[in-house]
Amino acid sequence: MEKNVKRRNTQQRKVILEILRSTDIHPTADWIYEKARQVIPNISLGTVYRNLKILKDEGLILELSDGKQSRFDGRVDQHFHFKCISCNSIYDIDNTQIVTVDYNDLRREGYQVHSFDVIFSGICPKCNGNQN
């Protein structure tokens, strides 16, 4: 029912969503806040966090968290991520053929799978000296 409630600050939410969709660096809330302040100078960090939660709850963005820090992604299509343990960058991996998932065992146990997340971790080509 809450999704049907008309929410305030739609201009702020629109700006935050546009910022996220215009980058592929998977930014933090602080980075998004700094960009949003260039458009809406009086926006608060709390407003950014609230709107990120709303956008995530509405399925318009993804939140990637390692337990220490959350990063956000404006892409919600099926794709995977690679997190570099050297530079902390997160990269989109579009080749979904890398991982094959068989839900049959989970279905037999009564689970309904709606989605899954894959985050590879290691050293990116840039840090590994294999820049393309």
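Just so you know, all these numbers are worked out from the coordinates, no wet-lab data involved. Since the model is a prediction, treat every value here as computed from it, not as a measurement. Note: ideal-geometry Cβ built from the backbone for every residue, glycine included; neighbour counts use all protein chains shown.
Below are the figures for this structure:
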item: Long-range amide H partners of residue 120 with built H, under 5 Å; result: 81, 82, 83
item: Among beta bridges that DSSP assigns inside the chain, antiparallel share in %, nearest 5; result: 65 percent
item: Within the chain, longest stretch clear of exposed trypsin sites (Lys or Arg not before Pro) (DSSP loop, no more than 13 other Cβ within 10 Å); result: 69-132
item: Expected 222 nm ellipticity per residue - DSSP helices of 4 or more, -39500 (n - 2.57), all of the chain, to 500; result: -9500 deg cm²/dmol
item: Under Karplus coefficients 6.51, -1.76 and 1.60, residue-wise ³J(HN,Hα) of region 107-123 in Hz, glycine/proline x; result: 4, 4, 8, x, 7, 10, 8, 9, 6, 8, 10, 10, 10, 7, 10, x, 10
item: Residue-span extension gain [residue 42 to residue 102] - 0.36 nm each, minus C-alpha spacing; result: 16.8 nm
item: Estimated distance in nm for a label pair at residue 10 and residue 53, the labels positioned 7 Å out from Cα along Cα-to-Cβ; result: 2.2 nm
item: Normalised contact order of the chain, rounded percent, pairs of Cα under 8 Å and 6 or more residues apart; result: 21 percent
item: Stretchable slack from residue 79 to residue 25, in nm (0.36 nm times residue separation minus alpha-carbon distance); result: 18.0 nm
item: Point-charge dipole on Cβ atoms (K/R +1, D/E -1) for region 23-132, about Cα centre, debye to 20; result: 360 debye
item: Label-point separation in nm, residue 113 to residue 64, each point 7 Å along Cα→Cβ; result: 2.1 nm
item: Test item: Cα-centred dipole of region 67-132, Lys/Arg +1 and Asp/Glu -1 on Cβ, debye; result: 280 debye
